[in-house]
Structures are given as C-alpha cells and as structure tokens.
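The values are calculated or read from the model by the stated rules, or taken from the named source; none is laboratory data. Since this is a predicted model, take the numbers as computed values, not measurements. Cβ: placed from backbone, ideal geometry, glycine included. Neighbour counts: every protein chain shown.
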C-alpha cells in the first residue's frame, strides 16, 4: 500500500451520486432510460403509475377516479382512440372543454432527459397547453420512452413522414415540488396535476 493509500484510505471510491443529487445542468449519469425518466418526471411534480398490462391500467384509472371523487365527471378527450378503448369501462367522454376539468390523452413520447411528455396535434389538436384542463391523465407506453427531444422528433418525422403533425410541444412543469419551485423555466408555464399511466408494451 502506497503513502497516498495510507493517507486517503485506499480502495476504489464508489460514487453515491444519482440523477436526484446532481445539479440539473450536470452531465447525465449512465442509468437506464426508464429510471431516468421516472426520476425527472417525479421531480417535475408528476404522479407515475407503472402498469404491466391493460387490466392494471383500468385498476389504476379506477383508483385515480376514486381518489379524486371523479366518479360522475366527464373526461375531456380529443383522441378518438381513447374513446373507443375506454367507453366500455364506464368512462363518459366529451369534446366540449367547458364540460370537464379532466383531460385524458395519449402522448407521442416520454422524454427521459427532462422527464417531459411530448404531445402534438394528434392529442391536443390546435389547443395551447393553457387551454387544457388542470387535471390530466396520460396513457403512455414503455416503447415511447426516448432519451432526448431531438430523438423524439426524428421518430415523429419518420413515422409521419407523409403527414407530420403540428402543434408539437412538451408537458414538463406540473405541480410545484421542493425541487422545482425555484426553477425559473417554470415561470409562466401551465401547472398541471398530471397522472401518467405507463403501460408495458415491449
């Protein structure tokens, strides 16, 4: 053992640093993309529920409805695929924003780099985020996880190459948390009460 080993304890130092303890502008750690997304999504104030199959999606949705006393509420949705998939589950949809304060939607991608949800005209038509209800339930899938926004945009360009959707935007700042309350980037943004139902589809 050398003199430096004696002085400083020797042995390999194991960093206990995680994405949660690093500064926002520090380089990302090499952690799995799903774990990175979860860390940043929760830091943004989102509520995350992992679902292995569709029956777990239905159970989680039922729990959300009960928790918030939304049993008799209409669900505002602009995505007809959700209407077709959930109408048999005693959920009543409306396309009239004035009839509901609960927005139920799908998404295009889940961006791990900053824990944001990328949506476009397929989900929100031409609406601005400020025009959407405060309460949001998003149905996403594990195959929609990407590391960066640029990666998401490349996939969208390839997937919809003949008809690229417009109004592409990200939901990032949800309810205030101790971690994000002083984030100047959130000032003036539309704060939302967001539940993410993440369905395993790999």
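Taking residue 156 as the residue in question, decide whether it is without any contact (Cβ under 8 Å) to a residue 40 or more places away in the chain and surrounded by fewer than 20 Cβ atoms within 10 Å (Cβ to Cβ).
So residue 156 does not fit the description; no.
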*Take the stretch 113-139 and flag every residue that is surrounded by fewer than 22 Cβ atoms within 10 Å (Cβ to Cβ), in a loop (DSSP other than H, G, I, E, B) and out of contact with any strand residue (DSSP E or B) (no Cβ under 7 Å at 6 or more places or on another chain).*
113, 114, 120, 125, 126, 127, 128
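Okay, residues lined up against (1) over 14 Å from the mean Cα position of the chain (by Cα); (2) closer than 21 Å to residue 62 by Cβ; (3) modelled with pLDDT under 90:
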| position | (1), (2), (3) |
| --- | --- |
| 92 | yes, yes, no |
| 119 | no, no, no |
| 132 | yes, no, no |
| 150 | yes, no, no |
| 167 | yes, no, no |
| 179 | yes, no, yes |
| 184 | yes, no, yes |
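Within the stretch 68-89, is there a residue that is in a helix (DSSP H, G or I), modelled with pLDDT of 95 or more and surrounded by fewer than 17 Cβ atoms within 10 Å (Cβ to Cβ)? Break it down stepwise before answering.
Filtering the stretch 68-89 down to residues in a helix (DSSP H, G or I) leaves 68, 80-89.
Those still in the list that are modelled with pLDDT of 95 or more too: 68.
Right, trim to surrounded by fewer than 17 Cβ atoms within 10 Å (Cβ to Cβ) and you get 68.
Yes, because at least one residue in the stretch 68-89 is in a helix (DSSP H, G or I), modelled with pLDDT of 95 or more and surrounded by fewer than 17 Cβ atoms within 10 Å (Cβ to Cβ).
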_Anything in the stretch 92-104 that is buried (at least 17 other Cβ atoms within 10 Å of the Cβ) and either free of Cβ contacts under 8 Å to residues at least 24 places away in the same chain or closer than 17 Å to residue 143 by Cβ (or both)? List them, or say none._
93
*Answer residue from the stretch 92-108, given it is touching a helix residue (DSSP H, G or I) at 6+ places or on another chain (Cβ under 8 Å) and outside any strand (DSSP E or B) and is farthest from residue 198 (Cα to Cα) among those*: 97
*Scan the stretch 55-67 for residues that are more than 15 Å from residue 193 (Cα to Cα) and surrounded by 15 or more Cβ atoms within 10 Å (Cβ to Cβ) and jot them down.*
56, 57, 58, 60
*Please tell me if residue 5 is farther than 21 Å from residue 140 by Cα, out of contact with any strand residue (DSSP E or B) (no Cβ under 6 Å at 6 or more places or on another chain), assigned to a helix (DSSP H, G or I) and at pLDDT below 95.*
yes
*Residue under evaluation residue 58, criteria (1) assigned to a helix (DSSP H, G or I); (2) touching a helix residue (DSSP H, G or I) at 6+ places or on another chain (Cβ under 7 Å); (3) farther than 21 Å from residue 201 by Cβ, criterion not met*: (3)
*Taking the stated definitions as given, is residue 37 at pLDDT 90 or above, surrounded by 15 or more Cβ atoms within 10 Å (Cβ to Cβ) and not in a helix (DSSP H, G or I)?*
no
*Kindly establish whether residue 156 is more than 13 Å from residue 46 (Cβ to Cβ) and assigned to a loop (DSSP other than H, G, I, E, B).*
no
